[in-house]
Amino acid sequence: MKFSEDSSQAANYLRRAVPKMVEHDIVPNPLNYTLWYSYFSQAYPSLNKALEDTVSRYGTCPVDVSESLFLEHIIQTDDQLSQNNKIQQSLVHLVSDLSGTIEKTSQETAVYSSALKENIMELGTSGLSDELVQKLNELSSNASGLCSTNEAFQSQLAQAQSEINALKQELEESQSQASTDALTGLANRRVFESIFTQHAHNDDMPMSVVMIDIDRFKNFNDTHGHLMGDQILQFVGKLLKQECPKSVTPVRFGGEEFALLCPELGIDNVKDIAETIRTKLSKVAFSNKRTGERIEPVTASFGIAVKRSNEVLENLIERADNALYAAKNNGRNQVQLAS
């Protein structure tokens, strides 16, 4: 979605959208706000023409037409983003602006409505000609109608505000689920690949990948059960979060395999991080809380590869994996560097 990242500009688009929707009796729901926000931002020229043609034909924008225009001009335009979370980020940004702007618009229109009623009452009809009295009565009637319409619209705005807040929460939850491993709370491979892509073309910045695999994890599961195995995976996830500096992204690749994406750090720093994690993990005393049984130490093997110029992610991961297998073959519970 091609929406502004400037909150002030975004709010301006939405303030312009509200009168337009009132003018054409368009329901102020999140989908319609998106359409008319897009209209004033001119993000989708083809959508603008379609909206103008629709209003010209129907005098409004029917619900089924709104849905059709949204799918045709906004969602389908972003097919290339459907496999990542950019569309969700855009929607979260949009509904956040919608929420704030609706609240402000609601407050402002309520003030204007109240002031208009007071002004008409203060004018009165004393000492005015019959013609002016007639015009004033017409103005009063029109103002009362406008105020009634505004009150109805206020109710619709309140409902839209509730819908938008619910939508925002759903989008944030969906975005989190799409990028997070449910068991460990670590980022998943999608995030790993996205961050790598952001830095891949900067060969002046060092970047390394650390592949991590828990030693003999299948045997551990067979001996102590999958529930205990899940607890070990959760502990490793917590340890990675704790020991990784801000620039390092720890992820769960799947099963008992984890990885660290380390931009900006030299190889010595990366080795130190891996060694610290390896040492701390191997010294933790685990026990089965249900039976009280003490469990043998859990260890992991590590393989590190430093990105070469123009190297693609798949090749970098393969070299780190090869170093990991070398660590396994050499006795496990160690860190190996790729050649």
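The values are calculated or read from the model by the stated rules, or taken from the named source; none is laboratory data. It should be emphasised that the depicted structure is a prediction, and the values quoted were computed from it without experimental measurement. Neighbour counts run over all protein chains shown; Cβ positions are idealised from the backbone, glycine included. These accessible areas exclude ligands, DNA and RNA; they are computed on the full protein's heavy atoms, side chains included. Shrake-Rupley method; radii C 1.70, N 1.55, O 1.52, S 1.80 Å.
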>> Report every pair of residues separated by at least 6 positions or lying on different chains whose Cβ atoms are under 6 Å apart, first residue within segment 195-216 and within 14 Å of residue 325 (Cβ to Cβ), second polar (S, T, N, Q) and part of a loop (DSSP other than H, G, I, E, B).
In response: 215/299
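So which residues in segment 243-271 are outside any strand (DSSP E or B) and either among the aliphatic types (A, V, I, L, M) or over 18 Å from residue 338 (Cα atoms) (or both)? Walk me through how you get there before you give the answer.
Initially, segment 243-271 is screened for residues outside any strand (DSSP E or B), giving 243-248, 255-256, 264-271.
Those that are outside any strand (DSSP E or B) and either among the aliphatic types (A, V, I, L, M) or over 18 Å from residue 338 (Cα atoms) (or both): 243, 244, 245, 246, 247, 248, 255, 256, 264, 265, 267, 270.
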> Considering segment 252-279 alone, what residues qualify as being under 19 Å from residue 183 (Cβ atoms) and in contact (Cβ under 8 Å) with a residue 60 or more places away in the chain?
Replying inline: 252, 253, 254, 258, 259, 277
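Which residues, taken from segment 274-310, are among the β-branched types (Val, Ile, Thr) and touching a strand residue (DSSP E or B) at 6+ places or on another chain (Cβ under 7 Å)?
Here is the first cut: in segment 274-310, the ones among the β-branched types (Val, Ile, Thr) are 276-277, 279, 284, 291, 295, 298-299, 304, 306.
295, 298, 304, 306 - these are the residues of segment 274-310 that are among the β-branched types (Val, Ile, Thr) and touching a strand residue (DSSP E or B) at 6+ places or on another chain (Cβ under 7 Å).
Of the residues 327, 305, which is touching a Phe, Trp or Tyr at 6+ places or on another chain (Cβ under 9 Å) and modelled with pLDDT of 95 or more? Working first, answer last.
Numbers: 305 fails: touching a Phe, Trp or Tyr at 6+ places or on another chain (Cβ under 9 Å).
Just a single option satisfies the conditions, and that option is 327.
Does residue 5 satisfy being surrounded by fewer than 16 Cβ atoms within 10 Å (Cβ to Cβ), within 18 Å of the chain's Cα centre (by Cα) and at pLDDT below 65?
Working: surrounded by fewer than 16 Cβ atoms within 10 Å (Cβ to Cβ): yes; within 18 Å of the chain's Cα centre (by Cα): yes; at pLDDT below 65: yes.
Criteria met by residue 5.
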> Under the condition of being in contact with a helix residue (DSSP H, G or I) (Cβ under 6 Å, 6 or more places away or on another chain) and of a type in the set (A, V, I, L, M), which residue from segment 306-336 is surrounded by the most Cβ atoms within 10 Å (Cβ to Cβ)?
Replying inline: 335
> Which residues, counting only those in segment 265-296, are open to solvent by 40 Å² or more (accessible area, probe 1.4 Å) and polar (S, T, N, Q)?
Replying inline: 269, 276, 279, 287, 291
>> of a type in the set (Gly, Ala, Ser), touching a residue at least 60 places away in the same chain (Cβ under 8 Å) and surrounded by fewer than 13 Cβ atoms within 10 Å (Cβ to Cβ): is that true of residue 303 in this structure?
In response: no
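Any idea which residue in segment 219-264 is most open to solvent (accessible area, probe 1.4 Å), counting only those that are β-branched (Val, Ile, Thr) and out of contact with any Phe, Trp or Tyr (no Cβ under 6 Å at 6 or more places or on another chain)? Walk me through it before giving the result.
Restricting attention to segment 219-264, the residues satisfying the condition of being β-branched (Val, Ile, Thr) are 223, 232, 236, 248-249, 251.
Right, trim to out of contact with any Phe, Trp or Tyr (no Cβ under 6 Å at 6 or more places or on another chain) and you get 223, 232, 236, 248-249.
Working: 223: 99, 232: 2, 236: 8, 248: 8, 249: 24 Å².
Filtering segment 219-264 for residues that are β-branched (Val, Ile, Thr) and out of contact with any Phe, Trp or Tyr (no Cβ under 6 Å at 6 or more places or on another chain), the one most open to solvent (accessible area, probe 1.4 Å) comes out as 223.
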> Taking interchain pairs and intrachain pairs at least six residues apart, which have beta carbon atoms under 7 angstrom, with the first residue in segment 224-251 and in contact (Cβ under 8 Å) with a residue 12 or more places away in the chain and the second of a type in the set (D, E, K, R) and assigned to a loop (DSSP other than H, G, I, E, B)?
Replying inline: 233/256; 247/264
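So which residues in segment 51-82 are outside any helix (DSSP H, G or I) and either modelled with pLDDT under 75 or within 15 Å of residue 30 (Cα to Cα) (or both)?
Passing the criteria: 61, 62, 82.
Filter segment 179-190 down to residues that are in contact with a helix residue (DSSP H, G or I) (Cβ under 7 Å, 6 or more places away or on another chain) and at pLDDT below 90 and give me whichever is least open to solvent (accessible area, probe 1.4 Å). Don't jump to the end; show me each part of the working.
Looking only at segment 179-190, we keep the residues that are in contact with a helix residue (DSSP H, G or I) (Cβ under 7 Å, 6 or more places away or on another chain), and these are 179, 183-188, 190.
After this cut, where a residue has to be at pLDDT below 90 as well, the list is 179, 190.
Details: 179: 24, 190: 99 Å².
Among those that are in contact with a helix residue (DSSP H, G or I) (Cβ under 7 Å, 6 or more places away or on another chain) and at pLDDT below 90, it is 179.
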> All but one of (1) under 24 Å from residue 285 (Cα atoms); (2) assigned to a helix (DSSP H, G or I); (3) open to solvent by less than 20 Å² (accessible area, probe 1.4 Å) hold for residue 212; which doesn't?
Replying inline: (2)
